[in-house]
Structure formats: structure tokens, C-alpha cells
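Reading through the C-alpha cells given below for one structure.
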Amino acid sequence: MTPEEDAPADYATSARRLAPYADYMVVNVSSPNTPGLRDLQGVERLRPLLTAVRAALADAGRPALPLLVKIAPDLADEDVDAVADLALAEGLDGIVATNTTISREGLSATAEEVEAAGAGGLSGAPLKDRSLEVLRRLRARVGDRVTLVAVGGVETAEDAWARIRAGATLVQGYTGLIYGGPLWPRRVHRGLARLVREAGYSSVGEAVGADAPPPGLSLVGDDVEAAS
Ligand SMILES: Cc1cc2nc3c(=O)[nH]c(=O)nc-3n(C[C@H](O)[C@H](O)[C@H](O)COP(=O)(O)O)c2cc1C
């Protein structure tokens, strides 16, 4: 396993090797399946890592390659805010929210079934509410200055629509595709087209952030108040 102090060099090596082939790069510090990885989400550890990756991309002749960071839904609200502030300060292009969760709350499975399933990240429906909450929090903090990519529990067109209205420019689905099958993207796209029309927009892009608080206001719990 890579010792933590070597993480920036390790990420930089991967970034340099992948740079020629990538359209954008996401620094994933949020998988629960790699021991210690999520500790890198702390801003003091994340900053040098991003700096190293940026330098590696420049080295590889791709200084303008969009750079994003992917975060866990299990971060405390203030840590989500800290990542948002870091993204602004470091000029990151985007934040991907969220990875899978280590939480086992609110499941319909029995405690024995949950225990038998073992450790690791949980994807899909159990993630939906928190993933949307993290997205709303990020949007309230960064507005439209940083691209937000929503992922986690998106199963229906309505789910994707809620993410777009909350501020996501891009929406990803993994578990939805696994359970929905190969025609799942088409169903979501058609449903989205209907929702866009019904809401009186002429494109999905027009609806990005439609439900988000106006700039200058921030989320405190579920309430909106003037940003300090
Ligand atoms: C089988 C599987 C493998 C995954 N591997 C990765 C990975 O290598 N890197 C990563 O950032 N996220 C990984 N994820 C997390 C997904 O990218 C996504 O953030 C998460 O599953 C939540 O989305 P969903 O509810 O649509 O599945 C994986 C998820 C699944 C189910």
C-alpha cells in the first residue's frame, strides 16, 4: 500500500500516464474500498495532491485538461463546504458528488443480511437522499463557478431532473443501469425530455440550478441564510 506521504507522487504518476488519453480527469479520494484513501479528502491532504496532479498534467502537455475531485457522501457538512472552498481556491473545474457510502442506515434488509454482505461501499437507492443533499450543499457554496457532477442513487428521469435543478450539469448512473438494463439511459433521456418540456424550458441546460438558492445565500442544515 502507498504510504500517505507518497500519495501526491503516486497520483501524479497516474495523471502523467493517463493525460494523453483523457478528456477530463477526476481525482478519486472517496472510495471506501481502499484503506486510508478517504483520509485524503481532508483539505490539508487534498491540496498538495491536487497541486501535484496539476503539475503532472502540465508536464504531460495537458495543462488545461479539466480537473475534478470526487467526494464521499459520508463527509460531514463542514468538510463538504471545505472541499467546495478548496475547489474555488485551487480553480478546480468540477466536483463529482458522490461515491458510495459506508453508512448502513435506513436499509430494508435485516441486520443479519447487512452483516453477511460485509464491508464496502453501498451504491444505489440508499444513497439517493444524502447524495442530493451533498449536491445542494455544494451548489449553495460554489454557485455556477464549479461544474457539479451528480451521482448516487439516480434511478429515474425524476431523480436526474432533481439533480439538474439542484445544480448538476452532468448526471451519472451506475446502479440504475445495472438494475434497469441496457435501455435504462433511453428511458431516463425520454423522461427528462418530457420533464424539460412540461417545465417550459427549451433545453436541459436552462434548468441547471433552477431549485438552488440564489448566489449569496448558503445552506445551514435545511435552511437558507445569508453567506458569511
Ligand atoms: C461495482 C462498482 C465499482 C465502482 N468503482 C468505482 C471506482 O473505481 N472509482 C470510483 O470513483 N467510483 C466507483 N464506484 C462508485 C460509482 O462511480 C458511483 O459513485 C456510486 O456507485 C454511486 O452511484 P450509483 O448509485 O448510481 O451506483 C463504483 C461503483 C460500483 C457499483
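Every read-out reported here was derived from the displayed coordinates using simple, explicitly stated rules and does not represent laboratory data. What you see is a predicted model; the values in this text were computed from it and never measured. Please note: Cβ atoms are built from the backbone with ideal geometry, for glycine as well, and neighbour counts cover all protein chains shown.
Per-structure values
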{"item": "For PRO3, net neighbour charge (Lys/Arg +1, Asp/Glu -1) across residues whose Cβ lies under 13 Å away", "result": "-4"}
{"item": "Pairwise label distance in nanometres, LEU18 with ILE102, each label 7 Å out on the Cα-Cβ vector", "result": "2.2"}
{"item": "Euclidean distance of C-alpha centroids, the stretch 159-188 and the stretch 51-84, integer Å", "result": "23"}
{"item": "Peptides ranked, highest mean first, by Cβ atoms within 10 Å: ranges 93-101, 62-70", "result": "93-101, 62-70"}
{"item": "For the chain, share of DSSP beta bridges that run antiparallel, in % to the nearest 5", "result": "25"}
{"item": "Highest to lowest packing among 133-139, 200-206, 25-31, 35-41, scored as the average C-beta count within 10 Å", "result": "133-139, 25-31, 35-41, 200-206"}
{"item": "Under 17 Å from the GLU4 label point (7 Å along Cα→beta-carbon), backbone N, the stretch 38-63", "result": "38-50"}
